[in-house]
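The structure appears right after this line, and notes come after that.
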Amino acid sequence: MKNVDRAGIRFNMLEWLDCALFLDFDGTLVELAPTPDEVVVAPELVEALRVIRARLDGRLAIVSGRPIAQIDALLAPLTLPVAGVHGMERRDAGGMLHYAPIPSFSALQSHALQLAARHPRLRVEQKRGALALHYRQAPELERLCKSEMRSAIRECPGMLLLYGKMVIEAKPAGVTKATAIRDFLAEPPFIGSRPLFAGDDTTDEDGFAFVQQAGGLGLKIGTEPSVARHRMAAPQALRTQLVHAARILSKGI
């Protein structure tokens, strides 16, 4: 099962089964939904991840902007190593939890909540050490959201803004998906493996750059500009690859 990326390079998941596999979640494994609570996870995806993780001797992790608890609930009963909130929290392969320090950003929280109170179609998602302002249901407010968040973050040293698909996230500087992947690669069972990272958004670009510098592969899901050298058109294409690879592995072929 092969997929041709925009550059004409063929990508085959079965050829990367000696790697350390890092996967973003929303927009990568599942389609984006109007709200984070509305995403749908196909049962065959959960089983495919279980089979592939076993084949990789445990070298599969989710690297997401979501908190770990949400990933666990969505992938239940499967429990994987996870970096949540863009690396602010991380559960390693042994089950140990690691938390990055959190600078104060109460002024930004208050500002975002006040903005959402004035515009009810905005949604503020509060996470450990981070905050996301979703405007998917009010795209005409994009400019206002960006302006207000840029103004508010000036009061919060040590925080930065990430601009994703219909969302603006505030998080501590210096903690990224790239640092989360780096930390996984320094531990068993990931250590010594070439990394593959699949993601879909601007928040994944540092991860693509890191794994490619480490001799691995960045896989962009979608058509937007990216530093990733490989790409697939949509989450469905990646899920098809994962499910196909798992079926072959399950048959022992």
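The values are calculated or read from the model by the stated rules, or taken from the named source; none is laboratory data. Since we're looking at a predicted model, the values are computed, not measured. Don't worry about glycine lacking a Cβ; one is built from the backbone with ideal geometry, like all the others, and counts go over all protein chains shown.
Hey, does the stretch 218-229 have a residue that's modelled with pLDDT under 95, within 25 Å of PHE105 (Cβ to Cβ) and not in a helix (DSSP H, G or I)?
no
Could you check how many residues of the stretch 89-107 are of a type in the set (A, V, I, L, M, F, W, C), in contact (Cβ under 8 Å) with a residue 60 or more places away in the chain and either more than 30 Å from ARG154 (Cα to Cα) or not in a loop (DSSP other than H, G, I, E, B) (or both)? Before the answer, list the steps.
Applying the first criterion (of a type in the set (A, V, I, L, M, F, W, C)) to the stretch 89-107 yields 93, 96-97, 100, 102, 105, 107.
Subset that is in contact (Cβ under 8 Å) with a residue 60 or more places away in the chain: 93, 100, 102, 105.
Retained after the next criterion (residues that are either more than 30 Å from ARG154 (Cα to Cα) or not in a loop (DSSP other than H, G, I, E, B) (or both)): 93.
Final tally of qualifying residues: 1.
Do we find that LEU74 is in contact with a strand residue (DSSP E or B) (Cβ under 9 Å, 6 or more places away or on another chain), assigned by TED's automatic domain parsing to the domain that holds GLY207, in contact (Cβ under 8 Å) with a residue 40 or more places away in the chain and assigned to a helix (DSSP H, G or I) in this structure?
Numbers: in contact with a strand residue (DSSP E or B) (Cβ under 9 Å, 6 or more places away or on another chain): yes; assigned by TED's automatic domain parsing to the domain that holds GLY207: yes; in contact (Cβ under 8 Å) with a residue 40 or more places away in the chain: yes; assigned to a helix (DSSP H, G or I): yes.
Judged against the criteria, LEU74 is a match.
With respect to the numbered conditions (1) of a type in the set (D, E, K, R); (2) assigned to a helix (DSSP H, G or I); (3) within 19 Å of the chain's Cα centre (by Cα), which one is the sole condition not fulfilled by ARG247?
With (1) of a type in the set (D, E, K, R); (2) assigned to a helix (DSSP H, G or I); (3) within 19 Å of the chain's Cα centre (by Cα) applied to ARG247, the lone miss is (3).
TYR163 is checked against (1) among the aromatic types (Phe, Trp, Tyr); (2) modelled with pLDDT of 95 or more; (3) assigned to a strand (DSSP E or B) and fails just one. What number does that condition carry?
(2)
From ALA170, ALA152, ALA198, which residue is in a helix (DSSP H, G or I), surrounded by 15 or more Cβ atoms within 10 Å (Cβ to Cβ) and among the small types (Gly, Ala, Ser)? Quick ask: steps written out before the conclusion?
On the way: ALA170 fails: in a helix (DSSP H, G or I); ALA198 fails: in a helix (DSSP H, G or I).
Every option except ALA152 fails the conditions.
Quickly run through the stretch 201-214 and pick out the residues that are assigned to a loop (DSSP other than H, G, I, E, B) and at pLDDT 95 or above.
Of the residues in the stretch 201-214, the ones assigned to a loop (DSSP other than H, G, I, E, B) are 201, 214.
The one that is assigned to a loop (DSSP other than H, G, I, E, B) and at pLDDT 95 or above: ALA214.
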